[in-house]
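A short write-up of the structure that comes next.
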Amino acid sequence: MKKDIENINDVQQLVDTFYEKVQKDPLLGNIFMTKISDWPKHLEKMYRFWQTVLLEQHTYSGSPFLPHATMPLTGDHFNRWLTIWKETINLYFQGTKADEAKWRGEAMATMFLAKIEFYNATTRTPLV
């Protein structure tokens, strides 16, 4: 029986497995591998982000959108990201927090894509 996402160890398992899959993915791997030069630092940041979002333990500060603002991402990229995200959650977890993680991933992907498309279609730049 699977358990829910309950603590930082669960978040780390989710994030580590997810990014292992992303790095090997034919659509996403190259984008992430060229953008991220320090994987341990990135993973640590992602642990803090999801710990803050899912466990309500405020360990993350920053603007998660900005690093993505100028990346060459389309709806296909976000759909693939979401597929891998949900598959990874479903592999290990079930429950309220697992469902929330899927929902929050969907909301984030929708928002990021809309903002990227907006900035690509206008002369405006994201606020730092």
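Read-outs: derived from the displayed coordinates by stated rules, not from any lab. Keep in mind it's a predicted model, so treat the numbers as computed, not measured. Cβ atoms come from the backbone with ideal geometry, glycine included; neighbour counts cover every protein chain shown.
For the cross-link pairs Lys3/Lys115; Lys3/Lys41; Lys45/Lys86; Lys2/Lys41; Lys2/Lys115, which exceed 24 Å when the distance is taken from alpha carbon to alpha carbon?
Lys3/Lys115; Lys3/Lys41; Lys2/Lys41; Lys2/Lys115
Under a plain spin-label model, where a point goes 7 Å from the Cα along Cα-to-Cβ, how far apart in nm are His42 and Lys102?
2.6 nm
Could you give the spread of the C-alpha atoms of the chain along their three principal axes, from largest to smallest, in whole angstroms?
Rounded to whole Å, the extents work out to 50, 32, 27 Å.
Given R₀ = 25 Å, FRET efficiency for Asp16-Lys115 by Cβ-Cβ distance, to 0.05?
Between Asp16 and Lys115 the formula returns 0.40.
For region 8-121, what is the charge dipole size about the Cα centre, in debye to the nearest 20, if Lys and Arg each add +1 at the Cβ and Asp and Glu each add -1 at the Cβ?
Rounded to the nearest 20 debye, it is 160 debye.
Let me have the relative contact order for region 1-56, percent, based on Cα pairs under 8 Å that are six or more residues apart.
45 percent
Sort out the exposed loop GluC sites (Glu not before Pro) in the chain (DSSP loop, at most 15 other Cβ within 10 Å) and tell me the longest stretch that has none.
The longest such stretch corresponds to 57-128.
Which whole-number percent is the relative contact order of the chain (Cα, under 8 Å, 6+ apart)?
Computed value for the chain: 34 percent relative contact order.
Based on the inverse mean of 1/r over its pairs of different Cα atoms, what is the Kirkwood hydrodynamic radius of region 36-84, in Å?
One over the average 1/r among Cα pairs gives 12.3 Å for region 36-84.
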